[in-house]
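Here the structure comes first, spelled out in structure tokens, and everything after it is commentary.
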Amino acid sequence: MEEKLPDNPDLSGDTCLEPEENRAALFNSIAKGKIDPDLIATIYDRLDVAVWIFDFDDKRFLWANRKALEVTDAVSLEELRSRDLSKDMSPAVAERLRQHQQDFCKQDVSFSEIWTLYPRGKPKVLQINMSGIRLIDGRMALLCEAREHHKQQPETLRSAEALMHTTVMISLYSTDGTPLYRNTAARAACNSLDTPFHGHFVEPRDALEFLELVERDRTSGRVARVRTSAGPRWHEVTIRSSQDAVSGQPAYLVSEIDVTELHETKERAQYLASHDTLTGLSNRTYLQERLAQVLQTASDRDQMATLYLVDLDDFKTVNDTLGHAAGDSLLQLVAEKLKHVAEPDDIVARLGGDEFLICHLEKAGPKGPDWFGRELLGAFSTPQLIDGKPRRVGLSIGYTQYPEDGVSIDDLMRHADLALYHAKTDPTDKCVRFRQQMRHLRDEHLAIKKDLERAIRVNEFTLEYQPIACTLNDKVIAAEALVRWNHPEKGLIYPDDFIPIAEETGLINQIGLWVSRNVAHMQAQLARMNHDIPLSLNVSPKQLSDAQFVTHMQALPRETGCNPEKISLELTESVLLGDIPNASETLSLLKSTGYRIVIDDFGAGYSNLAYLQNYPIDGIKIDRMFMDDIASGGAIVKLILSLANALGAEVIAEGVETIAQRAWLLENGCHRFQGYLYSKAIPEEQLMSMLEAQVEAAAM
Ligand code: C2E
Ligand code: MG
Ligand code: MG
């Protein structure tokens, strides 16, 4: 017999149980001795229904009654048994039988299906009732009771055939969710044959949503996560309201296709398109969409929302000096901290580079609008481990509030950006809220930046020198170079008005090279004129991270003939606090070239005296704010003087404006002073004449 096994499951689709009563009565009679057990075989042979037992494992008939021999066109039971059905069995049929075997092992069920058999090549359509039967050796075999099936029309047969072989999973559920029918594919996929509709979905609310929609529109469909025998999978589920062909009751016809791979690929692609791969935060593209949602929620609930822009200070320096891997790990560290400080429903995004955005929907509570910024700055108040070393990470935060400071995303972003700009330029306030007047200041800064670029190109800078004198004899013993900008329209501009912008924009590097070359020339020239006084120049922290600066400073003695031992580099305390990567190494290089290192504005910043010992420091300039302290005893200045003494560093008092201040300094052993009392900064020629006059006076 050629196999053409399972053909058509009954389209009514039910798994029905054959009445057991007759058989029970029969066996009862045998037990009571009324019927000879040998008669059973005869009884089976008299039945007009074909009955056989099929061995799932051997793929052979084990036993068949007379009608079954007739149906299968067999000459004898032996001949039927000798047929090896596995030879021509298609994989689909084998799979189907394997499934039946599994189903029967799991539970006591029976299926009514229509199969087409091909005994000796002739098709025979049978309505077969199938159930499991345990063999003596414990294995599960297939018990079939079959009747010839004449009613089916070719179309129905074909569609039933298609239903069985399709990979689309088709199930029918009653409206209370009880399963009525599953096709082969659905049976193979489902966790258990009697899982109700609601239990099919991983997310219970998916089931409810589907039913709500199908009740309303008669059909609904989308991708959902479902439970299957292979674990949770993504299925494209379509549900239609229909009828059970057997009972005529309303039912849901569910068809499903496994789209797991496609769905996961899509999700991954979507994730990649909307997230920053380095930090895992939302990216700029996704941000717009999410911001719109948050602002909508804020507006619906009459709530405030705060938008923070966070920018790392000197990130470029970290990248340039420590390498991109260190830069990347710093960005990841910041992203982690941001996520940690933010609340779960806040938006945390990386806008690109070292700029981050947080949008926080205000909750009721005592937290002020700047709580996030404060907490974040707090999280970075201690040094962070980057590249295995503890380093300070500076942050600037600008924020703006919805709806008070703006209602559109564009306005809020622009305003937060202006506030950030202010935070970046103000070393004392790193968390700044937007104010209307900021727009004007920003324009001014941008104009200065453009102007500065031109000034560098055409060299509009000049140097003035402020003498440093001796408290013992009032003689000039040194001078500090101070840069001025000779603006063609605005006249002389002082450094406080352009150095911060030059630092922020990196233009300070070019200005710094110019200043140092000029000071070097001046020192060489003074030496030639026998005015061998030391000169000092100011160096911005940024310059120390500029690799070009060190090589330039190393070349200066050769290029200009200056003596580096007569040139002091004035640096602010921040350099020593670990803000600048590799500061200590750079200072050592400069020191080994011969330059002297002096701490400027000492005491104005963090005043951690302990760090001074770790650096090759030659001198300290006491910040001019301490001159006021002198009137009330000068305790701090005394402390600084004794500290400098202990370190072997020389001390210069800055901003000395009164005779009393100078007298106090002399009395307390501070012999170098600088300030308006002695002289303001003066042009180079004037310094030279001052020195000439000093020599002449000494000669008299
Ligand atoms: P600084 O290095 O602390 O320079 C001292 C500043 O105090 C100078 O201001 C000087 O004119 C002023 N000053 C001197 N004596 C007195 C006094 O008795 N009373 C008062 N009230 N002020 C006094 P200036 O020239 O405006 O420079 C300001 C700052 O700009 C400097 O502070 C320095 O940090 C920076 N700067 C100046 N030139 C350069 C430069 O070439 N490169 C860099 N990176 N920064 C520079
Ligand atoms: Mg200075
Ligand atoms: Mg100073």
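The values are calculated or read from the model by the stated rules, or taken from the named source; none is laboratory data. Because the structure is a prediction, the values reported are computed rather than measured. Every residue, glycine among them, receives a Cβ derived from its backbone with ideal geometry; neighbour counts consider all protein chains shown. Please note that ligands, DNA and RNA were not included when accessible areas were found on the heavy atoms of the full protein model with its side chains. Shrake-Rupley method; radii C 1.70, N 1.55, O 1.52, S 1.80 Å.
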The extension gain from ALA646 to GLU504, computed as 0.36 nm times the residue separation minus the Cα-Cα distance, is 47.5 nm
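Longest span of the chain, sites excluded, free of GluC sites (Glu not before Pro) in DSSP loop with at most 14 other C-beta atoms within 10 Å?
Values: sites that count: GLU20, GLU404, GLU489, GLU657.
Free of exposed loop sites, the longest segment is 21-403.
Report the charge-dipole magnitude of segment 586-676 in Debye, nearest 20, computed about the Cα centre from +1 at each Lys and Arg Cβ and -1 at each Asp and Glu Cβ.
Numbers: 7 positive and 10 negative charges, 52 e Å.
In total the dipole reaches around 260 debye.
Lys and Arg at +1, Asp and Glu at -1: add these up for the other residues within a Cβ distance under 15 Å of PHE201 and post the number.
Working: positive: ARG205, ARG222, ARG225, ARG227, ARG233; negative: GLU203, ASP206, GLU209, GLU212, GLU236, GLU256, ASP258.
Counting the neighbours of PHE201, the net charge comes to -2.
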With label points set 7 Å from each Cα along the Cα-to-Cβ direction at LYS363 and LEU385, the distance between them in nm comes to 3.0
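Which net charge results when you count Lys and Arg as +1 and Asp and Glu as -1 among the other residues whose beta-carbon is under 12 Å from that of HIS263?
On the way: positive: ARG222, ARG225, ARG233, LYS266, ARG268; negative: GLU236, ASP258, GLU261, GLU264, GLU267.
Net of charged neighbours comes to 0.
With a ≥ b ≥ c taken as the square roots of the eigenvalues of the C-alpha gyration tensor of segment 20-152, please select rounded if a/c is under 1.5 and otherwise prolate if a/b is larger than b/c or oblate if it is not? Walk me through the numbers on the way to the answer.
Numbers: a/c = 1.63, a/b = 1.33, b/c = 1.22.
Prolate shape, in that a/c is at least 1.5 and a/b is the bigger ratio.
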Stretched fully, the stretch from ALA527 through GLN332 gains (0.36 nm per residue minus C-alpha distance, one decimal, in nm) 64.9 nm
Applied in sequence order to segment 583-591, the curve 6.51 cos²θ - 1.76 cosθ + 1.60 (Karplus, θ = phi - 60°) yields integer Hz couplings, x standing for Gly and Pro, of 4, 4, 5, 5, 4, 4, 4, 5, 5
Total charge of the residues flanking GLU685 in space, meaning their Cβ is under 12 Å from its Cβ, with Lys and Arg +1 and Asp and Glu -1, is -3
Of the listed pairs LYS450/LYS490; LYS337/LYS542; LYS67/LYS122; LYS566/LYS638, those with alpha carbons more than 20 Å apart are LYS337/LYS542; LYS566/LYS638
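What's the carbon and sulfur percent of segment 459-699's accessible surface, probe 1.4 angstrom, rounded to a whole number? Numbers along the way, then the final one.
Numbers: 5210 of 10440 Å².
Roughly 50 percent, rounded to a whole number.
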ASP88 and ASP426 label points (each 7 Å along its Cα→Cβ direction) are spaced in nm at 9.2
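Express the Stokes-Einstein translational diffusion coefficient of segment 78-232 in µm² s⁻¹, to the nearest whole number, given a Kirkwood radius over alpha-carbon pairs, 20 °C and a viscosity of 1.002 mPa s. Working shown, then result.
Working: Rh = 18.0 Å.
Estimated via Stokes-Einstein, D reaches 119 µm²/s.
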Of all DSSP beta bridges having both residues in segment 275-434, the percent classed as antiparallel (nearest 5) is 85
Residues meeting the amide H criterion for ARG433 (H placed from the backbone, H to H distance under 5 Å, 5 or more places apart or on another chain) are TYR399
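Using 0.36 nm per residue, how much length does the chain from LYS34 to SER192 gain when fully extended, once their Cα-Cα distance is taken away? Mind dumping the intermediate values first?
Working: separation 158, 0.36 × 158 = 56.88 nm, distance 4.29 nm.
Separation in residues times 0.36 nm, less the Cα-Cα distance, equals 52.6 nm.
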Over the chain, the sum of -39500 (n - 2.57) across DSSP H runs of at least four, divided by residue number and rounded to 500 deg cm²/dmol, gives at 222 nm -12500 deg cm²/dmol
When the charge dipole of segment 95-177 is computed with +1 at the Cβ of Lys and Arg and -1 at the Cβ of Asp and Glu, the Cα pointing farthest to the positive end, of GLN99, ALA160, HIS149, is that of HIS149
Answer in debye to the nearest 20: the dipole magnitude of segment 39-142 about its Cα centre, from +1 Lys/Arg and -1 Asp/Glu charges placed on Cβ, is 120
Under 5 Å from the placed amide H of ARG222, counting only residues 5+ away or on other chains, we find VAL237
As a percent rounded to 5, the proportion of antiparallel DSSP bridges among beta bridges in the chain is 80
Here segment 194-205 yields Karplus 3J(HN,Hα) values (6.51, -1.76, 1.60; θ = phi - 60°; whole Hz; Gly and Pro given as x) of 9, 4, x, 3, 5, x, 6, 9, 5, 9, x, 5
Rounded to whole angstrom, the alpha-carbon centroid of segment 456-502 lies from that of segment 623-678 at a distance of 22
With all protein chains in place and a 1.4 Å probe, LYS363 shows an accessible area in Å² (nearest 10) of 90
Computed for the chain: size of charge dipole around the Cα centre, +1 on C-beta of each Lys and Arg, -1 on C-beta of each Asp and Glu, debye to nearest 20, value 1000
The FRET efficiency for ARG120 and HIS165, from their Cβ-Cβ distance with R0 = 25 Å and rounded to 0.05, is 0.55
Here Rg/Rh (Cα, Kirkwood) for the chain equals 1.34
Site THR462, offset 7 angstrom along Cα→Cβ, radius 13 Å on amide nitrogen, limited to segment 656-693, gives 681-687
Here segment 392-402 yields Karplus 3J(HN,Hα) values (6.51, -1.76, 1.60; θ = phi - 60°; whole Hz; Gly and Pro given as x) of 7, 10, x, 10, 10, 10, x, 9, 8, 10, 8
If amide H atoms are modeled at 1.01 Å from N in the peptide plane, then the residues at a separation of 5 or more from LEU507, or on another chain, having amide H under 5 Å from its own are none
Label model pair TRP371, LYS475: point-to-point distance (7 angstrom along the Cα→beta-carbon line) in nm is 6.6
